Amino acid sequence: MALDPADQHLRHVEKDVLIPKKMREKARERCSEQIQDFTKCCKDTGVLMVIKCRKENSALKECLTTYYTDPAFYEECKMEYLKEREEFRRTGIPAKKRLQKLPTSM
């Protein structure tokens, strides 16, 4: 399903809010190991987490920043957003609702 180039115009809110939100969500998925390490460190350390979890925090920031500053990753998220927007315009059903499991009757 190729997107119509004329339909790729992005509004301000899409460029500055919605696509970056998608980037954050996808980056969190891809940095899940670093998130788990940092979370575990914080839980194990308690109040001293600011001092004792610097290494884990740095690794997490580095992973996320790598994705946030990657132009190819931005384009990937932008194209995914445009496909979702096109599907919404076609069906009127938001992506979240489409992705939910349909109830099965017995």
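Bear in mind these aren't lab numbers, they're just calculated from the coordinates by the rules spelled out. In this text, all values refer to a predicted model and were calculated from it rather than measured experimentally. Cβ atoms come from the backbone with ideal geometry, glycine included; neighbour counts cover every protein chain shown.
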Practice item. Please check which bits of region 61-83 a label hung off residue 40 would reach, taking the label as a point 7 Å along Cα-to-C-beta and the cut-off as backbone N under 20 Å. Key: 61-64
Review point. When you count, for each residue, the other Cβ atoms within 10 Å and take the mean per peptide, how do 70-80, 9-19 rank with the highest first?
Key: 70-80, 9-19
**Study point:** Two-site FRET efficiency, residue 47 against residue 21, from Cβ-Cβ distance with R₀ of 22 Å, rounded to 0.05
**Key:** 0.10
Check your understanding: In nm, to one decimal, how far is the modelled label at residue 89 from the one at residue 29, with both set 7 Å along Cα→Cβ?
Key -> 2.3 nm
Revision key, fill the gap. Quick calc, region 25-91, dipole around Cα centre from Cβ unit charges on Lys, Arg (+) and Asp, Glu (-), nearest 20 debye, gives 260 debye
